[in-house]
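Colleague: Below is a structure I'd like to ask you about.
The values are calculated or read from the model by the stated rules, or taken from the named source; none is laboratory data. Predicted model, so just to flag it, every value in this text is computed and none were measured. Neighbour counts run over all protein chains shown; Cβ positions are idealised from the backbone, glycine included.
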Amino acid sequence: DDPPRGWWFSGPDTFDAGEVAAAPTGLEESLSAVEAALAEHGPFDGLLGFSQGAALAAMVCALRARGDPRFPVAFAILVAGFASRAPAHGHFYREPIALPTLHVVGDTDAVIAAPLSRELAQHFMEPVVLTHPGGHFVPAAAPQKKAYLDFLDRFRPSQSQ
């Protein structure tokens, strides 16, 4: 049996996005893993996170917006994200996060309910919110592809002719 995987745990080897975890574990190790991946495999312009990965990416955005040099990214796409309910993580959300983000919200998401994803978006200064009629997945239909491209075009270097 493989051990459970997660960016952090709200209980002994378990995770629940809605749980107010008194003593979450694993976040520092996960932030170190992201830092190492960015250093070893980068540079990267931005982050893409899904579900708990989107919640972690939002925390990385908060650190970056405060000038943390470990996370040199310019934007994030957060799909089915949420703000951690753990009081120990509250410092990530105390100030509005000044990093561009696209928040992808599934209206029928039964894993991370749409209100949780919308709540996360409210912690950012100028979030772009893309809503789709589906559930807990990364939507790839034409309307969503256009929204992704429109968002990403903001970060393309100018092409001088």
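Colleague: Among the candidates ALA88, ALA76, ALA140, single out the residue that is surrounded by 13 or more Cβ atoms within 10 Å (Cβ to Cβ) and without any contact (Cβ under 8 Å) to a residue 60 or more places away in the chain.
Modeller: Details: ALA88 fails: without any contact (Cβ under 8 Å) to a residue 60 or more places away in the chain; ALA140 fails: surrounded by 13 or more Cβ atoms within 10 Å (Cβ to Cβ).
Going through ALA88, ALA76, ALA140 in turn, the sole match is ALA76.
Colleague: For ARG118, indicate whether it is among the basic types (Lys, Arg), closer than 17 Å to GLY53 by Cα and assigned to a loop (DSSP other than H, G, I, E, B). Quick ask: steps written out before the conclusion?
Modeller: Details: among the basic types (Lys, Arg): yes; closer than 17 Å to GLY53 by Cα: yes; assigned to a loop (DSSP other than H, G, I, E, B): no.
It is false that ARG118 is among the basic types (Lys, Arg), closer than 17 Å to GLY53 by Cα and assigned to a loop (DSSP other than H, G, I, E, B).
Colleague: Name the single residue, out of those in the stretch 6-33 being within 17 Å of the chain's Cα centre (by Cα) and in a loop (DSSP other than H, G, I, E, B), that is modelled with the highest pLDDT.
Modeller: Of all residues in the stretch 6-33, those within 17 Å of the chain's Cα centre (by Cα) come to 6-9, 15-18, 26-33.
Restricting the remaining residues to those that are in a loop (DSSP other than H, G, I, E, B) gives 6-8, 15-18, 26.
Values: GLY6: 78, TRP7: 79, TRP8: 73, PHE15: 70, ASP16: 69, ALA17: 71, GLY18: 71, GLY26: 82.
If we take residues in the stretch 6-33 being within 17 Å of the chain's Cα centre (by Cα) and in a loop (DSSP other than H, G, I, E, B), then GLY26 is modelled with the highest pLDDT.
Colleague: Return a yes/no flag: does the stretch 124-136 have any residue that is under 26 Å from ALA21 (Cα atoms) and in contact (Cβ under 8 Å) with a residue 40 or more places away in the chain.
Modeller: Within the stretch 124-136, the first condition is being under 26 Å from ALA21 (Cα atoms), and the residues that meet it are 124, 135-136.
In the following step, the residues that additionally are in contact (Cβ under 8 Å) with a residue 40 or more places away in the chain were identified as 124, 136.
Yes, the conditions are met somewhere in the stretch 124-136.
Colleague: Name the one entry in ALA33, ALA22, ALA62, ALA37 that is touching a residue at least 12 places away in the same chain (Cβ under 8 Å), among the hydrophobic types (A, V, I, L, M, F, W, C) and under 30 Å from GLY134 (Cβ atoms). Can you show your working first?
Modeller: Values: ALA33 fails: touching a residue at least 12 places away in the same chain (Cβ under 8 Å); ALA22 fails: under 30 Å from GLY134 (Cβ atoms); ALA37 fails: touching a residue at least 12 places away in the same chain (Cβ under 8 Å).
Criteria check complete, one pass: ALA62.
For (1) aromatic (Phe, Trp, Tyr); (2) within 28 Å of PRO24 (Cβ to Cβ); (3) surrounded by fewer than 18 Cβ atoms within 10 Å (Cβ to Cβ), each residue gets a yes or a no:
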{"residue": "GLY67", "(1), (2), (3)": "no, yes, yes"}
{"residue": "PHE92", "(1), (2), (3)": "yes, yes, no"}
{"residue": "GLU95", "(1), (2), (3)": "no, yes, yes"}
{"residue": "PHE124", "(1), (2), (3)": "yes, yes, no"}
{"residue": "LEU130", "(1), (2), (3)": "no, no, no"}
{"residue": "PRO133", "(1), (2), (3)": "no, no, yes"}
{"residue": "PRO157", "(1), (2), (3)": "no, no, yes"}
